[in-house]
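Okay, so here's the structure we're looking at.
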Amino acid sequence: MSDKLNSIRILLDKTDKKIVEALAKRQELVREISELKINDESDIRDIEREEELLSKITTLAREAGLDRYFAEQLFKDIIHHSVRFQTHSLVDHQNVEKEADVVQIAYQGTDGAFSHQAAFRHFEERYDKVECFGYDTFRQAAEAVKEEKVDYAILPIENTTAGSINETYDLLADDDLHIVGEEAIRIIHCLLALEDIPVDRIRRIMSHPQAIAQCSNFLAKLHDCRVESYIDTAMAAKKVLEDGDLSQAAIAGSYAADIYGLKILKRDLANQSENFTRFVVVARQPVDVDPQIPCKTSLLMVTTHEQGALVGCLNIIADHDIDMTKLESRPKPNEPWKYQFYLDIKGNIANAEVQVALQELEQEASSLKVLGCYPAQVGTPNE
């Protein structure tokens, strides 16, 4: 590497540091603005202000010789993050009886798992300290909430590649828990090893069966390498560290690499690059969501055993101009060939139109349960 190239990269690193520091400073200002809006009972979003900001940014970008589209998209993400933070702050203010500096979260897996990452993503900016506790099963994580060992549990509910996580749906149907939030994490599978060595020197790769299936194209190209199923991606990464064997590797996320000090040999191994997992945050009590916040409401519905019963229920939702974002059927436990339906709709149960629709659904269906009404984070315009 030439001295000139090295000096430019040093300047680039310094510039990146300044960008991160500027973003951190901006977030401090957003926090102050959020507190003022809550105290003044002002609206979270000021669309006119957002449009003015984006217009200024494109002008500044043009004057600086920067791609205007790139600058605009970047600041759309920054604005979205600001709105997201203010939304969570308002919900906490209106629902948490006593402000706390520490929040405790249960999840399935171990440190470095995608659930662990989702928990920090959802809560880290809102609390001084986030304490996460890993459990062997989803049910144990849910029980920890019910038994008041933790404040919340975060559970995966669907993946864009593998589909719905049925065990989570069954827990929500059986247990007296409420969905109070959601989080989406992009799943980027990486090949992790002890040292930065050539991939062809790896003789054993461990990971969760689902991760192995999602990376089948990459794994098929490897020779003289044994692929083994492991209980969890993060646990596989931990075993690579503990075994200390340079010929071993794990497929897990970069978050696990950071925690266990492993090297990333290759990123983005999955057959499909757009791979996301949606998580739900569950608590002992439901939350009230301010009408200005875009909401999702999750429902569990059992229809009557009559022809057209499901269509009749869905027509009620359509007749009230309510958007349905998800419909999932599941066998009803202990009742062969009978089904229950999970629905996500856009709307707040405090809204009069939604209330009327739910009342009509209760009359039309055999049973209806509201699993939760919570701020929508997944599928919103800027997500």
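The values are calculated or read from the model by the stated rules, or taken from the named source; none is laboratory data. From a predicted model like this one, the values you see are computed outputs, not experimental measurements. Heads up, the Cβs are rebuilt from the backbone with ideal geometry, glycines too, and the neighbour counts pull from every protein chain shown. All accessible areas refer to the heavy atoms of the entire protein, side chains included, with ligands and DNA or RNA removed. Shrake-Rupley method; radii C 1.70, N 1.55, O 1.52, S 1.80 Å.
Count the DSSP beta bridges whose two residues both fall in the chain, then state the antiparallel fraction as a percent rounded to the nearest 5. Intermediate values should be presented prior to the final figure.
On the way: 44 of 60 bridges.
About 75 percent, rounded to the nearest 5.
In nm, to one decimal, how far is the modelled label at V370 from the one at R267, with both set 7 Å along Cα→Cβ?
About 4.3 nm, to one decimal.
Find the relative contact order for the stretch 136-293 and round it to a whole percent, using C-alpha pairs within less than 8 Å whose residues are 6+ positions apart.
Once normalised by length, the contact order is 39 percent.
So how much slack lies between W337 and C225, counting 0.36 nm per residue of separation and subtracting their Cα-Cα distance, in nm?
Working: separation 112, 0.36 × 112 = 40.32 nm, distance 4.39 nm.
Using 0.36 nm per residue and subtracting the Cα-Cα distance, I get 35.9 nm.
Going from most exposed to least, what order do T325, T303 have by accessible area with a 1.4 Å probe?
If we order T325, T303 from most to least accessible, we get T325, T303.
Between E353 and E147, what's the calculated FRET efficiency when r is the beta-carbon distance and R0 is 30 Å? Round to 0.05.
FRET efficiency, E353 to E147: 0.20.
Just report the Cα centroid separation between the stretch 1-52 and the stretch 95-151, whole Å.
Distance between centres, Cα-based: 27 Å.
Along its three principal axes, how long is the stretch 3-160 when you only count alpha carbons? Whole Å, largest extent first please.
Rounded to whole Å, the extents work out to 58, 50, 32 Å.
Which loop-located trypsin sites (Lys or Arg not before Pro) does the stretch 109-180 contain, where loop means any DSSP state but H, G, I, E or B and the Cβ has at most 16 other Cβ atoms within 10 Å?
For trypsin sites (Lys or Arg not before Pro) across the stretch 109-180 that sit outside H, G, I, E and B with at most 16 neighbouring Cβ atoms in 10 Å, the list reads R126, K149.
Kindly provide the GluC sites (Glu not before Pro) of the stretch 157-227 that DSSP labels as loop, not H, G, I, E or B, and whose Cβ sees at most 12 other Cβ atoms within 10 Å.
E195
Take the alpha carbon gyration tensor of the chain, find the square roots of its eigenvalues, order them as a ≥ b ≥ c, and report rounded if a/c is under 1.5; if not, report prolate when a/b exceeds b/c, else oblate.
Verdict is oblate for the chain.
For the pair D175/I33, report the inter-label distance in nm, with labels modelled 7 Å from Cα in the Cβ direction.
Result: 3.7 nm between the two label points.
At q = 0.16, 0.19 Å⁻¹, what log₁₀ I(q)/I(0) does a Debye calculation on the Cα points of the stretch 125-181 give, no solvent, two decimals?
With one equal scatterer per Cα and no solvent, log10 I(q)/I(0) is -0.55, -0.75.
Quick one: compute the contact order of the chain, relative version, from alpha carbon pairs under 8 angstrom and 6+ residues apart, as a percent.
Details: 673 pairs, mean separation 64.2, N = 383.
Reported relative contact order: 17 percent.
Multiply the residue gap between R186 and E124 by 0.36 nm, knock off their C-alpha separation, and tell me the result in nm, one decimal place.
Taking R186 through E124 to full extension adds about 20.6 nm, to one decimal.
To the nearest 20 Debye, how big is the dipole of the stretch 244-374 about its Cα centre, given +1 on the beta carbon of each Lys and Arg and -1 on that of each Asp and Glu?
660 debye
Assign unit charges at the C-beta atoms only (+1 for Lys and Arg, -1 for Asp and Glu), then state the dipole size of the chain relative to its Cα centre in Debye, rounded to the nearest 20.
1600 debye
Run the dipole for the stretch 87-155 about the Cα centre, Lys and Arg Cβ at +1, Asp and Glu Cβ at -1, nothing else charged, and hand back the magnitude in debye, nearest 20.
It comes to approximately 220 debye.
Rounded to a whole number, what % of the accessible area of the chain do carbon and sulfur atoms account for, probe 1.4 Å? It would help to have the intermediate numbers written out before the result.
Numbers: 10140 of 20990 Å².
The C+S portion of the solvent-accessible surface of the chain is 48 percent.
Any idea which of L155, V199, A173 is furthest toward the positive side of the dipole for the stretch 147-247, if Lys and Arg beta-carbons carry +1 and Asp and Glu beta-carbons -1?
V199
Given the rule -39500 (n - 2.57) for each run of at least 4 DSSP H residues, summed and divided by the residues of the chain, what is its mean residue ellipticity at 222 nm, to the nearest 500 deg cm²/dmol?
Mean residue ellipticity at 222 nm (helix-derived): -14000 deg cm²/dmol.
Using a 1.4 angstrom probe, figure out how much accessible area the stretch 17-62 has per residue, in square angstrom, rounded to the nearest whole. Could the numbers behind the result be given before it?
Working: 3590 Å² over 46 residues.
About 78 Å² of surface per residue is accessible.
Counting only heavy atoms of the protein chains, get the accessible area per residue of the stretch 259-383 (1.4 Å probe) and round it to a whole Å² value.
That works out to 53 Å² per residue.
So for the pair I10, I78, with labels modelled 7 Å out along Cα→Cβ, what separation do we get in nm?
2.8 nm
How much accessible area per residue does the stretch 103-222 have, counting only protein heavy atoms and a probe of 1.4 Å, in square angstrom?
41 Å²
Please work out how many pairs of lysine residues in the stretch 2-93 are eight or more positions apart (or on different chains) and have Cα atoms closer than 19 angstrom. If you can, show how the numbers build up before the last one.
Details: K4/K14; K14/K25; K17/K25; K25/K37; K25/K76; K56/K76.
Lysine pairs, 8 or more places apart or on different chains, close enough: 6.
Extension gain A162-E97, at 0.36 nm per residue separation less the Cα-Cα distance, in nm?
19.6 nm
Can you pull out the trypsin sites (Lys or Arg not before Pro) in the stretch 23-99 that DSSP calls coil and that have at most 14 other Cβ atoms within 10 Å? Walk me through the intermediate numbers first.
Numbers: sites: K25, R26, R31, K37, R45, R49, K56, R62, R68, K76, R84, K98; in loops: R45, K98.
Of the trypsin sites (Lys or Arg not before Pro), the ones in loops of the stretch 23-99 whose Cβ has at most 14 other Cβ atoms within 10 Å are K98.
Once you list every other residue whose beta carbon is under 15 Å from the beta carbon of N334, what net charge do they have if Lys and Arg are +1 and Asp and Glu are -1?
In short, 0.
Taking every pair of distinct Cα atoms and averaging 1/r, then inverting, what Kirkwood hydrodynamic radius in Å comes out for the stretch 183-293? All intermediate terms of the calculation are to be shown ahead of the outcome.
Values: mean 1/r = 0.0667 Å⁻¹.
Computed over the stretch 183-293, the radius equals 15.0 Å.
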